[in-house]
Structure formats: C-alpha cells, structure tokens
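S.K.: If you scroll down you'll find the structure; I have some questions about it.
FYI, it's all coordinate maths here, none of it is from the lab. None of these values were measured; they are calculated from a predicted model. Neighbour counts run over all protein chains shown; Cβ positions are idealised from the backbone, glycine included.
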Amino acid sequence: MIQKILAITLLTFLLNSQLIYGQNKQISGTVTLSYNNKIAEGVTINVEGSTINTLTDASGKYTLNIPQSATTLIFSFIGTKTVRQNINGRSIINISLVDDINELDNVVITALGVKGERDKFASSVTSLKGNTIAKSGETGVLNGLSGKVSGVIVSRNGGDPGAGSYIQIRGQNTISGNAQPLFIIDGIPVSNSSDNIGAAKSNGIIQQSRINDINPDDIERVEVLKGASAAAVWGSRAANGVIVITTKKGKNTGGKIDISFKSTVSFDQVNKSHKLQTRYGQGSDGIYNQSNRASFGDIISDRLGGEDQYITNPTAAGYQGYVTLADGSLRYTIAAGNSANPHGGKRDTSTFDHTKDAFQTGYFVDNSFNISGGNEKSTFALSFGNLNQDGVVRSASDYERKTVRLNVTNKLTNWFTATANIGYTKINSNRVQEGDNADGILLSSLRTPADFNNNFYNGTYTDPSGQLFPNAHVSYRNPLGKDLNTIYANPNWNITNNYNSSEVDRIVGSLQLDLTPVDWLTTTARVGIDNYNDNRLERFARNSANFPRGLLSKNWVTEKQFNTDLFVIAKKTISADFNGSLLLGFNYNSRRRESLTGSITNFIIPTAPDILTNAISTNLSASNFNSLNVTYGFYAQADFEAYDMLFLTLTGRNEAASTFGNKTKNNFFFPSAALAWQFSKLELFNDQSLFNFGKLRLTWGQVGIQPQPYQNFNNFNAANYIDGFSSGLSGISAIYNGGYVQSTIAGNDSLRPEIKTETEVGVDFRFFKNRVSFAATAYFNKTKDVILPISLPASTGFTTYNSNAAELENKGIELEMDLDVIKINDFKWNISANFSTNKNKVISLAGANSYSLPDSFIANASLVVGQPFGVFLSTDFLKNDSGSYVLDTNGFPQAGTGVEVIGNPNPEWRAGIGSTFSYKDFALFMLFDTVQGNDIFNGTRGSLYAFGTHADVGNTATAPTGGIKDVSGKTIAAGTTFQGEITDFGAGPVALNQAWYQGRGSASNTASYKQFIEDGSASRLREVTLSYSLKNVKFFKSNQLSKINFSLTGRNLILWTKYSGTDPESNVTGAGLARGQDWFTNPSTKSLLFTVLVKY
C-alpha cells in the first residue's frame, strides 16, 4: 500500500515537473555598452506584457524564467536606447546597448553632476536641451529659460546689452542673503553675481549677470532642481534651488571629426515705450517759458510758425549770450510769453518724439565654431564663440563676448577615466545709465518738452562778455549750453560723452578622475575653479548733470572660487527584486572676493585721459573690500529600489562654514528623503494601451542660506562724520592723522544659517504609448531663522544688529505637459505647456510689523507680517472708516497721513505654452508665455505728470457752465479751456490741471503713491522660429557636408499688456529683492534673427 502511494506521488511529481517545464523556460545572457564594450550592471529586463523582470548583475549577466507564451524581452538602461528583442525560441540573448541621443527624456543630472534615471527620480526637476536655449534668440542663458520652466520666473533688468537678469525659483526665501539659485557647471559651483560698487551703485548702471558669461551654444543640457530634496547635498547654498548646466562633450565617432559653424545676425528694437503728449510746449500756466522745467506751456499748434524770435541784442533785457551748435547755427534766448502773448518769441510748431531720442535699431552678430570627435578611448570637444552687439541706444551701449571651451575625456584604463574641461570668457561692454539719475537716458529724454529738439546737444557757448566755452552741454534746461549749468542732461550728449565700461576675464574649469576598480564601486575626485576679474570704469564728463565738474571712478572686482568633491558610490544588486547604492562624499569650497575702488571729482583737465591723478588730492577717494567664505561638508546618499517600482533616496549633509557665528554650533545637518512609486507596474495596469506610466512622488528636505561674510563680528570703518550744513569731518584727512570708529552695525557671534524646510508631493503620467505626458507638483516650504536687521537703542553704541529673527513661507502648484498631437508620416505636431502659482507670506519679523527692503524705491517695497514678500507699503489718499476717500472743500482727495499695502508685485500665476510643427525638413516653433496678477509701481508716469510731458496730461478740457474748481480752490471760468481733464471724486466735477499734476496728482508728492500702481500682467509671443534643414544633397558628398540649417527667429515680437510703461519685466533696482519698480528704467527689446548652421 505504501509503495503504491509512493509510486503515485512520484508519478504526479514527474507529470507536474513536465508540465512546469512545458510552461516555463529559462533565458540568460550578457548585456554590454556599445561605446566602450564594458559590461552593464543594473540593466532592467522585462517580459513584455507581464510583471516578470530582472536586473543584470555585476558581471552584466542575467537569468530569467519566462512562460512559453512570452515573445519579447525589453532591455532598458539609463542613457541608452531601449531595446526590444524577439525571443524566437532562443535561450541565450546577448545585447549591446547604444547611446540614446534623446537621453534627455530618460535621464536627469543630479545636483552632484551624476546621471540618474528620470522615471526613478522622486524630486521635481525640469530638463531642457541646450539648443532650446541657444535657439531662443537670447544672448544670455538666463533669458533663454523664460517661459519654459514651471515655478521659475526670469525677467530682464532692462534692454542694455549684457544687462543682468533676475531669476526666482518657488518664491523668495531670504531678506539679506543671496536670493539667486546655485549654479553648477559640470559639477562645479560658479558665480552669478551682478552687484554694483563705486559710482555705478547710485547712478543707474545695471551690471551683468555673471552666468551670462557662458556661451549658450556650449550647453548640452540644463536641469532646474526646484525642490529641497533634490538640492540638499549642497546644504546652506541650495535654499533658492539649483540650476545644473552640462556643457557639450565629445562622443565616440570612431575617429571621425565632427565640425559645425553657426552664424546669427539679429536686429533689435525697443519693444514698448511710455506715451508722451505733443500738444503743449515748455512753460507754465499756458504760457511759454524757455527756462521752465515743465510742459504746461502754450499750445504748440497755435503758434505763428516759422523761425523762433531770439534775443540777439547784447544790450536787450534777457540777453544771455548764445551757443554755436554743431551744424554752425546759432541759438539765443527766446523771450517768454505772457497773458497777452502766451507764445512769446516761440514760433516753431515742430514737435519731437522723445521716446526715440537716443535709440536706434540695434544688432548683434554671433558666430560659433565647434569641433569634436573621439574613439573608444578618448573624446574631445572644442568650441569658439564671438558675439558682437550694438544695443538699441545709439552710443555707449555695446557688448562683446569671446569664448573658448575645451572638454576632453580619456579612458586611461578599463577602470580609470580622466575628464578635464576649461572655458575662458573675455567680455568688453559699455552700458548707459537709467533710473533716478539726472544723466539717465529715459529721465532726460521723457522729461524734455515736446517742442525741444534733443538732436542738437553740443556746441560752443559764448557768454555775454564774449568768453568762449567749448564742449557745451545743450539740454532743455540749459538750451544755450551755459558752463556748469546743465541741471538735466540731454540724452544724446550723455551717450556721447559719458561712458561706463566693463572688461571681464573669466576662467571656469574642472578636472575629474573616475576610478572603477571593481564593477560595483566607483570613486570620483573632482576639483574646479571659477575665477574672474572685472575692471570697471565710470566717467562723467565735465558739464554732466550729476557731476558738473566731472567724475572718474575705477573699480577692480575679483572673485575666486575653488571647489573640490571626493565621493565614492557602491552599488549592490541584492536580488531580482531588491538593489541599492550608497554614496559617501566630502566637499570643500572657498569663495574669495576682492574689490578696489578709486575715484576723483572736479577734473583738473576736462579732456585728460582716464587717470586718477587728474584731480587734487582732496577730491580723490579710495576704498577696498575683501571677503573670504569657506565651507566644508560631508554628505551621503543612499538609494534603494524594490520590485522595480519603489525608489527611495535618503541624503544628508553635515556642514560648517566660516560665516557661522562662533557661539553657535560648529556644524549643521541638512537631511532629505524622496520616495517614488511607479504604480503603473502593478498588474492592474498590464496590457493598458491608454495608460502607459504612472508615478507618485513624495519628498521632504532641508536646505539653507549662509549669513553674509563678517556679519558675525564687529567691524571698524574709517571715521567720517557729515551733516547737511557742512562738508563734514574725515578721519583719514591729513589734519586728523587718521582714525577708525566702530561700525554702527553690531556683529552677532550667534548667527546661524537660514533653514528652509520643504515638503513636496507630485505625480507623473504618460498616456497613449507615451505620446502624452503630464506632471503635477504641490509644495510647501517654510524658511526659519531668516537674518533680519534689528534696531538697537543708541545707548548700546550701535543702531542695528543682524539676527536670525524672521520667518517666511511659500506654497504652490506646478504643472507640466507634453503632447504629441499628430505623428503622421512626415508631419508632426507637438505641444508643451507649463503652469505655476506661488503664494508667499511673511510669517514673523521678530515682533516688528514691517521692514523696508534694502533695494526698495519710492513705493517702499517691504516685508509686512501676514502679507506676501515685497509688497508696496506706502501712501494713499486719506480715507474714512469705511475706506472712502476724505475730500477737501474743493472736492479733491486729501493727502494720506499713513502707510498701507498699496500693491503686490508677486504674480498670481504664470504659464508658458510651446507648439512645434514639423514637416519633412521644415519646422515651426512658437512659445507664448504669460504672467498674471502682479502689480507694478509706475513711478515714471507719476513723475512725468509733474513735468507735464505724459500723454495723460496732454488733454484739453473746457470748464462747464458755472465754472469749475481746481485743487488750489481757483475757479476756472465757464467756457475756459485748460490743459488737463475733468473728473469727479464724489463731490462733483473738478479740474485736474497743472495744480493737481504738480501736487497731489504726481509721484513727486507723497499724497498717494497708490494712484501709480498698475496691473503688470503681460502675455507675449516670446519666441517664434521657422527653420529648414538641407541635407542628403549630392553637393554634400563631395564636400563632406552633412547638413545646413536655416532659421528665422522672432523674439518678443508681440506683447499684450495693460501696463502703460515700458516692458513690465523691467525693474529699476536690477536683480535685487524688491520687484515691480519702474522709475525711468531703460526699455527692453524685440528682435528678429537669421541663423545659418553648417555641419560637416
């Protein structure tokens, strides 16, 4: 009986074994990489249509048990093309994977410059191909990002060639620290400083953003790491996000040399200007007066016409001499009008468009040459670039950038690879002045009366005694060019005689050694430098408005950054379902900055060369500043994978820095965690043609912002005391034999980094065979220990000290989508879109209710508890308890007596949408972007009201029956016409005339700045490019050409906005914390470019 049972059991086992054997089979093989024939560890092999999968081991081998019904294996690996292999009865399948030229869709570059697999990456990151920036039509990297990345705001500081740009990722996180993201080039942190020193700091010179020193044509790809978890390995430098730039490398071309040449010509024009009136001439109260600064004079068209009547008789009343203009003509004083003859001696009815005074059609020519190649052992890429740009200002506005870059990789052995890259940039530029500056281009242009011709700006002045003064500065406030009497500049004289130049030499380079002694262990040693010298010169010629006797300032700025990283990565495949890696590293970084400034005023010889000895010693001043910031940290990153669907990344950085106070702890720890779940790998989603991929992301991290150098101890300054009634006392004067005093800002030995903590949740989807992709991210971050100046009582001997006292928060949503609408034979249509909204709030200011930002302007950009960052805290007209204006006895609103939040420069939301059509060798790309819900203080409009030149004050009104009152209480008789308009503030019609516009109705009066807050929302056609690729032509074979590409690009061609000023992207204080401030800010540009690209 027992034997029968055993026999039956054995027979059943054998039958089942046969059945199992018949149902399953085993496949094995080896996977290598084609470009170096190395084994490929960690390659994923999936059985198509099932959840069966495995990974290659450290030898590149795999074994997989598959059902008999299986027909296809799918091999996927980071940076290579996915391979589908039909099984066809084979039991051994060996595969060689090739590089994926479109690896941008599959790969991300992490904050350490290491490749990661996008589908396994949990943090929010946006990747851009380098050519999307190079084809944008922008000469700088930052502006080339505009409209392409959710959660990122990029805006120009003006239209000057090489001018700096502002970039913000997920809102503001600091008050006094560095608000710019950290930039990494090929694994090395680099500078993006754009600060001002010397005379330029107060004279409206917009400096360059140093990241724009890079030639966009040298960029292979850009990663924008927005979340704290992605950036945490950089600790106290990563609170504002990280932008990782990878430059172009050589490829294994089998020894073939690839050559390309690209040439671009661009034509640029001002894209938007303030509107001016041309009805009323220079003068006041309807009467012409050549010496009046305003344009509330006579009606120009009512003049007699013909030549003006000058006072040419030296014995006549009002004779002031004359000026001999450049064309040889003479100009004398024109007699002022009166009530009987409002025109006086002014007869000419000509008017001039002062929005175009100093402007032209600018252009640039950008040429680049690239040569690259390599074999399985070595690769190289060498590039040259030369950009020459003349700005839209006719003179003193140009930019020349020369770049050279060399990237070399050498595989010395099978386990040792060396990579070196070096880039050199040479920049020469000139920039004009703007802003609250009597020599500023727009201020001097737009305040000029419509009847004054700024084209005649120089000559020789002859005074009543017959004395000659050559090089006269002729302007509307000084029409005869009297010596040392300019007041307001003529913009054309300014750009001809004043100049502000910058000469930059910059080297960025790195050396990286990669050692892989065993397949599972890699050691990377990387060292890099970023050094630049910026020699700046600012010259205000004699008779300039700001410095009538001249000013020369020379500034030397040097910044040197040294960075080294050493890290090891160990990988372990535990089983087919579990594997992981561990990274351990060390970072050392030092940043040294030096500046030296020397300046003179009151030139001895006005036309002397630019030497600092051209003034007496009492008119010579000098200063210098040195800072050293040293940071070192240890960091670790652990990655875990489970079932090819769960991916966990943990990082930590322990950091110390020289800017931390001695009384605080020596080091700070910055942790992060990121979890990704590819839920589309669940059996539930097998064999889904509609839904192809789904990933849930959850991250948390902490990053920081370092205190500025030397805030942690007391400083001493040269003694200097001055008041409004004397020239002051200077401790460095020879009279007092020198002396120093303690700074009024107390050092804080307990300063610690500002800490930003962020949580992020997101999803990624792909549909319809990956033709549709969608990503959504929601985030919340809070920055604590934000450094804030705190007031101190005078009895302490200080006025303020910096303390970790404030708290800020940001929260937002980011959406990105990509859709292949049509893919039919040679015709393709793709749409990409992004949307983001960020809400920020000031949580605490250490007990204070508000704080004015350091670069605030008239509208007083401030921090107010409970309000968004940088709101305008300023005046509005007096209100009652119900919020209505309190009117005076004449029916006009009264001046406000306090401050309130009058506007918010932060946008409610922003979005971009790009569309690409391609048919065979033709392609059309269009990019629209929009920013909505942001306020702008249009101080320019408010100032022009006071001067009477703005279009709004050029109307003519007629007093109604019974007359009408103006703000001064004067009654304008019925039927009387006047310059201005009639309005009703709630107590009946009133006259807005000169008295109003030069009083409460202007930005030159503090009654209400709110009346000049405008909606800064704007939509624009950011880019449009039509291109054609010529290839496979017989002519090419004999000349070894591979392709010629022709493209026509428009940049900022169309702008839709209700804002009445220039481009609402501009900001008077440059790339600072205070935003949305327009005060005679130089206009931005629109461009048309033609490009030819030749490839061999």
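S.K.: Arrange D463, D285, D1078, D366 by Cβ neighbour counts within 10 Å, fewest through most, would you?
M.R.: So the ranking, lowest neighbour count to highest, is D463, D285, D366, D1078.
S.K.: Right, another one. Taking every pair of alpha-carbon atoms in region 308-377, what share in percent sits in each 5 Å bin, from 0 to the bin with the longest distance?
M.R.: 3, 10, 11, 13, 13, 8, 6, 5, 4, 3, 4, 3, 3, 3, 3, 3, 2, 1, 0
S.K.: Please list log₁₀ I(q)/I(0) at q = 0.22 Å⁻¹ for region 131-242, using the Debye equation with identical point scatterers on the alpha-carbon positions.
M.R.: -1.40
S.K.: Quick check: net charge around A923, other residues with Cβ under 12 Å of its Cβ, Lys/Arg +1 and Asp/Glu -1?
M.R.: +1
S.K.: Past the 22 Å Cα-Cα mark, which pairs from K135/K249; K262/K1031; K81/K226?
M.R.: Where the Cα-Cα span goes over 22 Å, the pairs concerned are K81/K226.
S.K.: Next question. Starting with the fewest neighbours, write out D505, D818, D764 ranked by other beta-carbon atoms found within 10 Å of each beta-carbon.
M.R.: If I rank by nearby Cβ atoms, fewest first, I get D505, D818, D764.
S.K.: Still on this structure, please answer the following. From zero up to wherever the largest Cα-Cα distance of the chain sits, split into 10 Å bins and tell me the percent of pairs in each.
M.R.: 2, 9, 16, 20, 19, 14, 9, 5, 3, 1, 1, 0, 0, 0, 0
S.K.: Additional query: Could you order peptides 990-1002, 655-667, 59-71, 220-232 by the average number of other Cβ atoms within 10 Å of their residues, highest first?
M.R.: Highest mean packing first, the order is 220-232, 990-1002, 655-667, 59-71.
S.K.: Then there's this: In 5 Å bins starting at zero, report the fraction of Cα pairs in region 1006-1077 per bin as a rounded %.
M.R.: With a bin width of 5 Å, the distribution comes to 3, 12, 13, 12, 12, 8, 7, 7, 6, 6, 6, 3, 2, 1, 1, 0.
S.K.: Can you list the lysines whose alpha carbon sits under 25 Å from that of K965, skipping same-chain ones fewer than 8 residues off?
M.R.: Cross-link targets: K879, K1010.
S.K.: Quick one: compute the contact order of the chain, relative version, from alpha carbon pairs under 8 angstrom and 6+ residues apart, as a percent.
M.R.: The normalised contact order for the chain reaches 11 percent.
S.K.: Still on this model: Extending each Cα 7 Å along its Cβ direction at K920 and T983, get the distance between those two points in nm, one decimal.
M.R.: Once both label points are built, they end up 6.0 nm from each other.
S.K.: What is the magnitude of the charge dipole of the chain about its Cα centre, with +1 placed on the Cβ of each Lys and Arg, -1 on the Cβ of each Asp and Glu, and no other charges, expressed in debye to the nearest 20?
M.R.: Values: 95 positive and 91 negative charges, 492 e Å.
Value, rounded to 20: 2360 debye.
S.K.: Also, quick follow-up: Return one number: the angle in degrees, 0 to 90 and rounded to the nearest 10, between the long axis of the Cα atoms of helix 2-23 and the longest principal axis of the Cα atoms of the chain.
M.R.: Roughly 40 degrees, rounded to the nearest 10.
S.K.: Also: At q = 0.12, 0.14, 0.17 Å⁻¹, what is the log10 ratio I(q)/I(0) for region 748-890, with the Debye formula run over Cα points and no solvent?
M.R.: Results for region 748-890 at q = 0.12, 0.14, 0.17 Å⁻¹ read -0.76, -0.86, -1.03.
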